Each structure stands twice: as structure tokens, then as C-alpha cells.
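To keep things clear, I will list the structure first and then write my remarks on it.
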Amino acid sequence: MPVAASAVYFLNLRGDVLINRLYRDDVGGNMVDAFRTHIMQTKELGTCPVRQIGGCSFFYMRISNVYIVIVVSSNANVACAFKFVVEAVALFKSYFGGAFDEDAIRNNFVLIYELLDEIMDFGYPQNLSPEILKLYITQEGVRSPFSSKPTDKPVPNATLQVTGAVGWRREGLVYKKNEVFLDIVESVNLLMSSKGNVLRCDVTGKVLMKCFLSGMPDLKLGLNDKIGLEKESQLKSRPTKSGKTIELDDVTFHQCVNLTRFNSEKTVSFVPPDGEFELMKYRITEGVNLPFRVLPTIKELGRTRMEVNVKIKSVFGAKMFALGVVIKIPVPKQTAKTNFQVTSGRAKYNAAIDCIVWKIRKFPGQTEPTMSAEVELISTMAEKKSWTRPPIQMEFQVPMFTASGLRVRFLKVWEKSGYNTVEWVRYITKAGSYEIRC
């Protein structure tokens, strides 16, 4: 259930009430005394931000030198409560010039009361968007002398935006050239055994967009996800086209996405915000296409020598290439000298991190560069301990490649004026935690 807050208190570090607002009559006005006595005076503020006292729950958070306390008398959504606090603080900062502390609250009592009446109704959170609230709460707060002067942007038809569903985009936008930029950025997380077995592998991705479109356009994005393609084939009464489909896990959307339409048609339809924003995030746990395979061989020759051989194979297409490839091969702390031979790139020994760092600026696809190294170790009289080999780590960036196989099938833009648009799509795969045991 939502927050259903009974009261909201703003306290200073001494426990004095700076400002408060009661939204329901199911708690007494002295509930702040219970918070002050049982939590603040017992020095338990840093242990847990949620406490229950006498049948009421207290959710509290410290921002600068102010404690914001939400009191609820029933079972409530804690995550929603803290999300409300964070967004409320961001709203206050937008009015106060970036400052939120005890002085800012004391200087803006009237404005804060007016905002508290708008952002919460009978204990339920409402619209907390600064852009929308500033359309009809035009009073300016007392700003810090260090804050920059706000730039007021006139927004036509304020009533429609406040009551409508498109609070993230203002009307009247006009561009000479209408363009949409879409980036699919993925991070590959891998843990592989020394024998080449995959112990853990997943991909976390996000769809980033940058829109420069006139008017109020309606966009529709089609991906090669399995559920979306199956739903489309059902609606059009025709079989699904052949090709790779993927299953997206843990999908989260920007607030602009029409969730009702997504649940019924499995298509991503939205009216985009102006400029740059994150449309969606997702995760892939099956069918991951690894961009690189690492084959390490490390031989310890007695107590003073080691041989290190590492082969890296790029699995992606021959016409593609990776940028900024860095391979960190661990060596013992008592390393004295190293000699390298590489077929591509450059290698050097970094004593600060006890690694041989092999860098390849541009790594073509379907190639297998190798690195061979002879490592001389310092001989010690102490009893030799077995060297616990840390994993080999990789960093890379592969343009126009997705480890998940996700592809954009179409990106349609519709606007009532019927203007033409230019769509740009880009794919990037980066290394998250890419580790190979050796």
C-alpha cells in the first residue's frame, strides 16, 4: 500500500520541531515527543531508519542538519516513504537555490507549508515535480547567497500539464531538425574458472535516449524480446519471424512509458521528455554472448621464476573492433623483474597493484593476440607460502555489439503535424566485472 502518512516533522539536531504537518487524526500531536525520547536521546539514530513505538512507525532521514520524520499508524510502504522524502528535499532545494538546512527552513515557513499541502493529500504522495509545481506555486524562496539565480522558462497551458499525464514534457517545443538518438549500453559481468567453465554470467543494460522533437510526439519502440514478438504475432495473426529472441529480466521503465499499453500489447510506447533521459533498464541471465575468451597458463618454476602465457580471443565479428582493452594479470608481491613478448598492444609491470597490465588500443574481431612473460621473483629465507592467485581482470568497450543480443526492430515517431524525423541507434558493450580465474 502507499505511504498513508499521518504526520511529517522537520526537526533540528537538538530535537526541536522546525515545522510539521498533520495529515490524519489517527496520531496525537505529541508523537514527536516519543521520537525524541526513545530514539534521539538514546543515541540510536544511526542504527535503523525505521522504528516502531507504541503502535506507530517512524521513518526518518537526516539531510544536512535536519531530521525529516514520517509517522504512520498502519502498515505502509517504507521504500515509498523514503522515495517521497528524497524527492521532497529535491523540490525544496529547487525553490531554495540548492540549499536545504535549518536556516533554509526557518526562512521559508510559508512556502514550505504551501508545498506540503500540494505534495501530500491525506497522507498520500502527489506530484513532486519541480517543473510542474513551479507553474502554479510561483512564490520564490529565500535563497542562499551562493546559489545561482534560476532561469524561468515560460510554459504554456499549465493547467493541462498539471492535471494531465504528461508532466515531464512542456508544450510549445520547436526544433528546425527533429532527431532521436538511442543508445543501448550493456555491461557484461563474468566469473570464469581456470578450466574455462562459466561460474557466473549476466548482462545489465540500459536504453538511453536523447530527443530533440517538436510538439508532443508519440514514440513506439520495438525490440527483439521474446514476449513482445509473441504478442505481436498473436495480434497480427501471423507466425513470428525467424531470428534470435531474448528474454528480458528485471525490466524497469521511465515514468513516460505507457504501462497499460505495455501490459496489453508488450510494446514500449511513450511521450518522451525533452533532451536526455534513461528510457529503461534490464538484465539478461541466459544466452549471453561473451565478447572475449581468455585462456591463461601460469607455471611456477621453483621459488624464483614464473612463466605467464595469456591468449585472448575476440568472439565478435571480424568487421567490428573493441576499444580501450586492458588486461590485468596478477603476479606475486615478491616480483623483481619481468620480460614481455606481445603480439599486439603494450605490456608493463605495475608494482603498485602487483599486476602485468596489457593494453590494446584497438582490438579487431576474430583475432587471437598472445602475451608471454617471464617473471623473476625475489628469493626469501622465510617459509614459502602458496600464492593465492587473484583472477585476471579485463576492461573493454565494444561498439555496435550487444552481449545480450538485444536489437532495435523499429523506432516509430508520430506527431500530428507529420514532420520527418531522423533516428540514430547505437550499441555499446562494456566490461562490468569481467574476471577469469587462473
Checklist entry - If you take the residues of the range 383-420 that are among the acidic types (Asp, Glu) and in contact with a strand residue (DSSP E or B) (Cβ under 8 Å, 6 or more places away or on another chain), which of them is least open to solvent (accessible area, probe 1.4 Å)? => result GLU415
Checklist entry - How about the range 37-48: which of its residues are open to solvent by 60 Å² or more (accessible area, probe 1.4 Å) and in a loop (DSSP other than H, G, I, E, B)? => result GLN41, THR42, LYS43, GLU44, GLY46, THR47
Item to check | Selection from the range 323-346 of residues that are in contact (Cβ under 8 Å) with a residue 60 or more places away in the chain and open to solvent by 40 Å² or more (accessible area, probe 1.4 Å) | outcome: LEU323, GLY324, LYS328
Item to check | Residue pairs meeting the criteria (Cβ under 6 Å; at least 6 apart or on separate chains; first farther than 28 Å from PRO399 by Cα, in the range 363-376; second hydrophobic (A, V, I, L, M, F, W, C) and open to solvent by 10 Å² or more (accessible area, probe 1.4 Å)) | outcome: ALA373/PHE340; GLU376/ALA336
Item to check | Cross-chain or 6+ apart pairs with Cβ under 6 Å, the range 165-188 first and polar (S, T, N, Q), then not in a strand (DSSP E or B) | outcome: ASN178/LEU213; ASN178/SER214; ASN178/TYR419; ASN178/THR421
Item to check | Test: GLY141 is among the small types (Gly, Ala, Ser), more than 30 Å from PHE212 (Cα to Cα), crowded, with 18+ Cβ neighbours inside 10 Å and at pLDDT below 80 | outcome: yes
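Rundown of residues vs (1) in a loop (DSSP other than H, G, I, E, B); (2) touching a residue at least 60 places away in the same chain (Cβ under 8 Å); (3) at negative phi; (4) out of contact with any His (no Cβ under 7 Å at 6 or more places or on another chain), yes/no style:
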{"position": "ALA4", "(1), (2), (3), (4)": "yes, yes, no, yes"}
{"position": "TYR9", "(1), (2), (3), (4)": "no, yes, yes, yes"}
{"position": "ASP25", "(1), (2), (3), (4)": "yes, no, yes, yes"}
{"position": "PHE35", "(1), (2), (3), (4)": "no, no, yes, yes"}
{"position": "PHE58", "(1), (2), (3), (4)": "no, no, yes, yes"}
{"position": "ARG62", "(1), (2), (3), (4)": "no, no, yes, yes"}
{"position": "ILE70", "(1), (2), (3), (4)": "no, yes, yes, yes"}
Item to check | All strands (runs of 3 or more DSSP E) inside the range 272-356 with 3 or more residues being under 33 Å from the mean Cα position of the chain (by Cα) | outcome: 275-284, 292-301, 305-314, 321-330
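The values are calculated or read from the model by the stated rules, or taken from the named source; none is laboratory data. Just so it is clear, the structure is predicted and the values come from calculations on it, not from any experiment. Quick reminder, even Gly has a Cβ in these numbers, built from the backbone with ideal geometry, and neighbours come from all protein chains shown. For accessibility, only protein heavy atoms count, side chains too; no ligands or nucleic acids. Shrake-Rupley method; radii C 1.70, N 1.55, O 1.52, S 1.80 Å.
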